[in-house]
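All remarks here apply to the structure that follows.
The values are calculated or read from the model by the stated rules, or taken from the named source; none is laboratory data. Here the structure is a predicted model, which is why all the values come from computation and not from measurement. Neighbour counts are summed over all protein chains in view; Cβ atoms, including those assigned to glycine, are modelled from backbone coordinates with ideal geometry.
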Amino acid sequence: MARPVLPPTADVVVMGLGRFGSSVAIHLVRLGHEVLAIDRREELVQRWAGELPHVVTADTTDPVALRRLGVDNFQHAVVAIGEDVEASVLTVLALTEIGCKDIWAKALQDRHGRILERTGAHHVLYPEAAMGERVAHMITGKVIDFIEFDDGFAIVKTAAPQEAFGLPLGRSGLRSKYGVTVVGLKRPGEDFTYATAETVVEEGDLLIVSGQTEAVERFAAIT
């Protein structure tokens, strides 16, 4: 198993090259990060070898193999192994054993996530659940995009309501009436702009709105 040539302290190691892991790795590379991708399946390593600069076949559950690859030098680790719960947990355990300081791990459900946390994962991701929530909000056509945070706060992209057309935001009363803040505005054919009290809303505008989840959902429902 050849050790890839990497800086003394590299950015991110991604373990598991399924749909989620390969997407994370490719986007990190596009953002300019140094990435090492690892999978125990040779066919997946060969598949992504042309798109990822550092990709190797290795057993991610083996701390000796991880040290040999220099994984202990990485600032962040992403465990993107999903279906094989045992391999997912053992990989997090191996990363903890070699002293990895920032472990992100994909979980299939709550029980899996709790085990990962107790094993040493610092952040647990539920990508399927998060996508399901976004789709549920978007499917009616009222919400174009939806992001919810842990504390019940959300940001949505939605069409501007008719009652705001032709009025500056300071006079439209959207904030006082619906309990939301219009953060920005996107007009067809124009660049995104941050919203101010003087920003005039026109028909066809898209609004970026923030607030408590229930409030932004009620606001999107009127558009």
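Which members of the range 203-223 meet the condition of being in contact with a strand residue (DSSP E or B) (Cβ under 7 Å, 6 or more places away or on another chain), surrounded by 14 or more Cβ atoms within 10 Å (Cβ to Cβ) and free of Cβ contacts under 8 Å to residues at least 60 places away in the same chain? Matches in the range 203-223: ASP205, LEU207, ILE208, VAL209, SER210, GLY211.
For the range 76-110, the set of residues classified as in contact with a Cys (Cβ under 9 Å, 6 or more places away or on another chain) and surrounded by fewer than 23 Cβ atoms within 10 Å (Cβ to Cβ) consists of HIS76 only.
Here GLN75 meets the list (1) within 23 Å of the chain's Cα centre (by Cα); (2) farther than 20 Å from TYR126 by Cα; (3) without any contact (Cβ under 8 Å) to a residue 40 or more places away in the chain almost entirely, failing just condition (3).
Restricted to the range 70-87, and to residues there that are assigned to a helix (DSSP H, G or I) and not aliphatic (A, V, I, L, M), the residue that is farthest from LEU28 (Cα to Cα) is GLU86.
Look at the range 96-114: where a residue is in contact (Cβ under 8 Å) with a residue 40 or more places away in the chain and a partner is in a strand (DSSP E or B) and buried (at least 19 other Cβ atoms within 10 Å of the Cβ), sitting 6+ places away or on another chain with Cβ atoms under 7 Å, you get LYS106/VAL79; LYS106/LEU125. Within the range 46-64, residues that are on the phi < 0 side of the Ramachandran plot have Cβ atoms under 8 Å from residues that are part of a loop (DSSP other than H, G, I, E, B) and small (Gly, Ala, Ser) in these pairs: VAL55/ALA49; VAL56/ALA2; THR60/GLY16, counting only partners at least 6 apart in sequence or on another chain.
Consider ALA197 carefully, then state whether it is in a loop (DSSP other than H, G, I, E, B), of a type in the set (Gly, Ala, Ser) and either on the phi > 0 side of the Ramachandran plot or touching a helix residue (DSSP H, G or I) at 6+ places or on another chain (Cβ under 9 Å) (or both). For ALA197, the condition - in a loop (DSSP other than H, G, I, E, B), of a type in the set (Gly, Ala, Ser) and either on the phi > 0 side of the Ramachandran plot or touching a helix residue (DSSP H, G or I) at 6+ places or on another chain (Cβ under 9 Å) (or both) - is met.
All conditions in (1) over 15 Å from PHE20 (Cβ atoms); (2) out of contact with any Leu (no Cβ under 6 Å at 6 or more places or on another chain) hold for THR61, with the sole exception of (2). At least 1 residues being modelled with pLDDT under 90 is the threshold, and among the helices (runs of 4 or more DSSP H) wholly inside the range 1-69 those reaching it are 19-30.
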